[in-house]
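Participant: Here's a structure for you.
The values are calculated or read from the model by the stated rules, or taken from the named source; none is laboratory data. Just so you know, these numbers come straight off a predicted model, no measurement behind them. Please note: Cβ atoms are built from the backbone with ideal geometry, for glycine as well, and neighbour counts cover all protein chains shown.
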Amino acid sequence: MKHVDTWLSSVLLVYIAAALTWAALRPPAAERIDADSPALVAWGKTVYATHCAACHGAQLQGQPDWRRPGPDGRLPAPPHDESGHTWHHADRELIRVVQRGLAAGEDRPPDYQGDMPAFAAALSDAEIVAVLSFIKSSWSYDYRAWQERASGSAAH
């Protein structure tokens, strides 16, 4: 009986150690975009309609000629569907861009001019993750898989 107790204790300790390691290495919930969560995607759709659709389009289509500066020299809002480049970026980068906006000389070339504002004061981290979950839910399996690989490699 003592041998069984020792074995069970050892198994329990290994299980606890594995669970703690997994929890420590897993990105925080505020850094995980989850396009497979119906509740998160539905919430994100609502937040997107209120805060993002005016620039990025109700159907995620972005503004016309989004790759070329407009008459004011600024780049139009890009699409968030598969025709854009959102899926090229890891979760953490997407979250950071929505939180902080795009800054010339910081995360873009010094001459970059765009209109993406910072939303950290207007949206909680959870709302930002919900919006990005909604956007990601519109992508095909292949695009989602590519983006998830990019997120996995960026997390380490």
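Participant: Between residues in segment 64-75 that are in contact (Cβ under 8 Å) with a residue 40 or more places away in the chain and residues that are surrounded by fewer than 10 Cβ atoms within 10 Å (Cβ to Cβ), which pairs lie under 8 Å by C-beta distance while being six or more apart or on different chains?
Facilitator: Hits for this filter: 75/68.
Matching residues to (1) under 22 Å from residue 133 (Cβ atoms); (2) surrounded by fewer than 16 Cβ atoms within 10 Å (Cβ to Cβ); (3) of a type in the set (S, T, N, Q); (4) in contact (Cβ under 8 Å) with a residue 40 or more places away in the chain:
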{"site": "77", "(1), (2), (3), (4)": "yes, no, no, no"}
{"site": "81", "(1), (2), (3), (4)": "yes, no, no, yes"}
{"site": "86", "(1), (2), (3), (4)": "yes, no, yes, yes"}
{"site": "89", "(1), (2), (3), (4)": "yes, no, no, yes"}
{"site": "112", "(1), (2), (3), (4)": "no, yes, no, no"}
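Participant: Can you tell me which residues in segment 72-109 are within 16 Å of the chain's Cα centre (by Cα) and more than 18 Å from residue 146 (Cα to Cα)? Outline the logic, then answer.
Facilitator: Taking segment 72-109 first, the residues within 16 Å of the chain's Cα centre (by Cα) are 78-82, 84-102.
Selection gives 78, 96, 97, 98, 99, 100, 101, 102.
Participant: Between 42, 18, which is modelled with pLDDT under 70, of a type in the set (Gly, Ala, Ser) and part of a helix (DSSP H, G or I)? Before the answer, list the steps.
Facilitator: On the way: 42 fails: modelled with pLDDT under 70.
Testing whether each residue is modelled with pLDDT under 70, of a type in the set (Gly, Ala, Ser) and part of a helix (DSSP H, G or I) leaves just 18.
Participant: Run residue 139 past the list (1) in a helix (DSSP H, G or I); (2) farther than 21 Å from residue 69 by Cβ and report the number of the one that doesn't hold.
Facilitator: (1)
Participant: Quickly run through segment 71-94 and pick out the residues that are farther than 17 Å from residue 34 by Cβ and aliphatic (A, V, I, L, M). Can you show your working first?
Facilitator: First, pick out the residues of segment 71-94 that are farther than 17 Å from residue 34 by Cβ: 71-79, 81-85, 88.
Correct list: 75, 77.
Participant: Within the bounds of segment 58-65, is there any residue that is at positive phi and in contact with a His (Cβ under 6 Å, 6 or more places away or on another chain)? It would help to see each step written out before you state the result.
Facilitator: Step one: list which residues in segment 58-65 are at positive phi, which gives 60, 62, 65.
Imposing the further condition that a residue be in contact with a His (Cβ under 6 Å, 6 or more places away or on another chain) reduces the set to 60, 62.
So far as segment 58-65 goes, yes, one or more of its residues are at positive phi and in contact with a His (Cβ under 6 Å, 6 or more places away or on another chain).
Participant: Residues being assigned to a helix (DSSP H, G or I) and among the aliphatic types (A, V, I, L, M): count how many of those fall in segment 91-115.
Facilitator: Pass one, segment 91-115, residues assigned to a helix (DSSP H, G or I): 91-100.
Checking the rest, the ones that are also among the aliphatic types (A, V, I, L, M) come to 94-95, 97-98.
Residues flagged as assigned to a helix (DSSP H, G or I) and among the aliphatic types (A, V, I, L, M) within segment 91-115 amount to 4.
Participant: Residue check: is residue 73 at pLDDT 65 or above, among the small types (Gly, Ala, Ser) and either assigned to a helix (DSSP H, G or I) or touching a His at 6+ places or on another chain (Cβ under 6 Å) (or both)? Give the derivation first.
Facilitator: On the way: at pLDDT 65 or above: yes; among the small types (Gly, Ala, Ser): yes; either assigned to a helix (DSSP H, G or I) or touching a His at 6+ places or on another chain (Cβ under 6 Å) (or both): no.
Against the criterion (at pLDDT 65 or above, among the small types (Gly, Ala, Ser) and either assigned to a helix (DSSP H, G or I) or touching a His at 6+ places or on another chain (Cβ under 6 Å) (or both)), residue 73 does not qualify.
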